[in-house]
Structure formats: C-alpha cells, structure tokens
Amino acid sequence: MRKKVIIDCDPGIDDSLALMLALSMDELDLLGIVVTAGNSPVEMGMGNAGKVLRFMNRLDIPVFRGAERPLKRPFVNALDTHGPDGLGGSFLPEVPESEFVRQEKDAVTFYREILCGQRPDTVSVISLGPMTTLARLIEQDPEAFGKIREIVSMGGCFRSHGNCTPVSEYNYWCDPDAAAAVYRETDRIGKMIHMVGLDVTRRIVLTPDLLTYMKRLDPEIGGFVEKITDFYMEFHWEWEHLIGCVINDPLAVAYFVDRALCSGFESYVQIETEGDLARGQSVVDSMDFYRHAPNAIVLTEVDTEGFFRMFLTKLLRLRETPDLLADLCRR
Ligand code: BDR
Ligand code: CA
C-alpha cells in the first residue's frame, strides 16, 4: 500500500531534490506540499515548489502556504546558502498562476482537514524546514496533530557539529520555539519523532563525479540537478572546503520509505529556545539523565551508498543499480 504523506518544506535546493525524489517514488502518495518560511521566504518557496512540480510533470499536487515567520524570533532566511532565488541562482521561469495548483486554503486548515478526514494514523509528515506550521497546528488543533502517523524531521544534531552555529542545525535554529513545541507535544501524546539530523545527513554528499554520472545516465534530470546545485557546491567549497554539497533533505524522504537506510537509538530530546549561544540545539538525553520516556528516534548511522542507490534508481527511473555507483560513493 502506498504511504500517505505530506511534505512540509522550505525550497530550497535540497528540499527540491527531496521533492523530486518523493515524486519519483511509487511507494508514496503525496497528498500535498506545505511551504513554510525557512531557506526562502514563503512566496518564493511556493514558486520554487511549483518549478519542481512543473519539471516533474506533477502540477496536479496541491501546494499550501504555511507560516511566514517563526513563532517568536525574527525570520532569518538561508538565501546565502541557497542562492538569491532559493534555487541556486538558476532563475528558472516562474510557473504561471493558471497552471499551478497553489491553494487559497492555508496550510494549517489543510493539515486539519486532511488529518481529521482520514482514519487516525494513516497520514505522515516529512518535515524538511522549520517546524513553524506544525507548531501552529498544535496551537490550533492538537487533536489533529495527534492523528499524524509519523513525523520524520530533517533537523537537529547529536554528535555532529551544527551548520549555522557550533551546536545548532538551521531548521531548529530558525524557529527553535516551533521545534521545541513539536517535540514537547510529541512527548505529551507518547509518540516519537524520527530525527534525521546532521549526524546522518552530512554523510550524504553529492559530489561532482556523482553529478556527472547522473548527467550521463539522464541528461535532462542530471542537467536540472546541476542547474540548481552549482551554487550550493560553490558555497560548500567556500565555507568548508568540501568538494560537493551536502544534500540533507532527500535522506529524510529515502529513510521514510526504507528504514534500513539509517539506524540510531531512542531518546528524550528537547530543543533549546533561550538566548543565542545554544539557540535551537537539540539536547539529546543519550545517558538518560532525566529518566524520561523517549520522544525521538535519533538517527546516527547511514548507508550512504544505499541512499544514492535509491536516489539514482528512483529519480532516473533506472531498472537496475547503476554499475559505477559503489565506486563513486567510495571516492
Ligand atoms: C537544513 O537547512 C536547510 O538549509 C536545508 O534545506 C535543510 O533542510 C539543513 O540544516
Ligand atoms: Ca529544507
């Protein structure tokens, strides 16, 4: 049976790759895309979701406007990382209003209607941006939030360093109050968030070799990926002397479909909301100091080659594992 899912994102370069992967998977029934302010301001993120849907020939998927700013903190986008248009400066043409299923209904209403219209525990959420819209859902309708089957969240870090402060990952840093609220509520209702944090996503590096390989196998899709990741590769070189770019968000989609790709441990997680020094830090009680039941599965190990096998075969619709993959993942 196809897994019903909503993707809550902030496209964003790696969000776009995650959407492309999700749209290539027969295992998923993508009910809608929620766009929350994060990498890009909401309007730009909605437009970028439309550009990805057009490229994938899936303009039938509805896109909903989520929260425009964090709950309490001033909004800080990540266009320095994702380019002036949020898609690596590719400046792809906008999708005309007439072709785009951009919904009038706001995202919280969409969440409420879809979650309450289904049997409990049938719809999951893959959260790839700040958790502000989900936190608004908790404020307005905690019962609907409680009906979410699973939340897979790209966010946070355990042993890894952060990516926007020494200890914090961007999605939780951008709106720490929202992330804290989602972890708190998940704890209250006795469920668990799958935390796909930097410990695992930093091991997903799209290298120039892998990209060249993708272009060889499928010039159109590979060319699109190149267009939107070129800037991101430059950014990684300038910032951390990495050849390639860390593509965080597609791992959350891949893991949602195949749990064997990541492993970790259950723990109680809280998100720091105060001050600036540790703002947004995911505090993982791995030593069980608090003797508190776990509210998260913290992923720490990842099968990188397995991820790229899925990414390439699904996205490029290959019949078998591409032969050079193992070699390219080892380099
Ligand atoms: C996360 O922040 C964003 O820049 C990426 O899209 C990803 O969701 C990584 O910290
Ligand atoms: Ca994102």
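The values are calculated or read from the model by the stated rules, or taken from the named source; none is laboratory data. Quantities reported herein were computed from a predicted structural model and do not represent experimental measurements. When we count neighbours, we look across all protein chains shown, and the Cβ atoms used for this are built from the backbone with ideal geometry, even at glycine. Remember, those area values only see protein heavy atoms, side chains included, never the ligands or the DNA or RNA. Shrake-Rupley method; radii C 1.70, N 1.55, O 1.52, S 1.80 Å.
Scanning the stretch 282-302 for residues that are more than 12 Å from TYR183 (Cβ to Cβ) and open to solvent by 40 Å² or more (accessible area, probe 1.4 Å) yields SER286, MET287, ASP288, PHE289, TYR290, ARG291, ALA293, GLU301.
Please verify whether ALA260 is within 27 Å of MET310 (Cα to Cα), open to solvent by less than 30 Å² (accessible area, probe 1.4 Å), in contact with a helix residue (DSSP H, G or I) (Cβ under 9 Å, 6 or more places away or on another chain) and among the aliphatic types (A, V, I, L, M), treating the condition exactly as stated. Considered against the rule, which asks whether it is within 27 Å of MET310 (Cα to Cα), open to solvent by less than 30 Å² (accessible area, probe 1.4 Å), in contact with a helix residue (DSSP H, G or I) (Cβ under 9 Å, 6 or more places away or on another chain) and among the aliphatic types (A, V, I, L, M), ALA260 comes out as no. Annotation for the stretch 43-61: no member residue is within 16 Å of ligand 1 (Cβ to nearest atom), of a type outside the set (Ser, Thr, Tyr) and outside any helix (DSSP H, G or I).
Across the stretch 107-122, the qualifying residues are those that are over 15 Å from VAL63 (Cβ atoms) and not charged (D, E, K, R), and the one among them that is least open to solvent (accessible area, probe 1.4 Å) is LEU115. Restricting attention to the stretch 151-172, the residues being open to solvent by 40 Å² or more (accessible area, probe 1.4 Å) and within 17 Å of the chain's Cα centre (by Cα) number 2.
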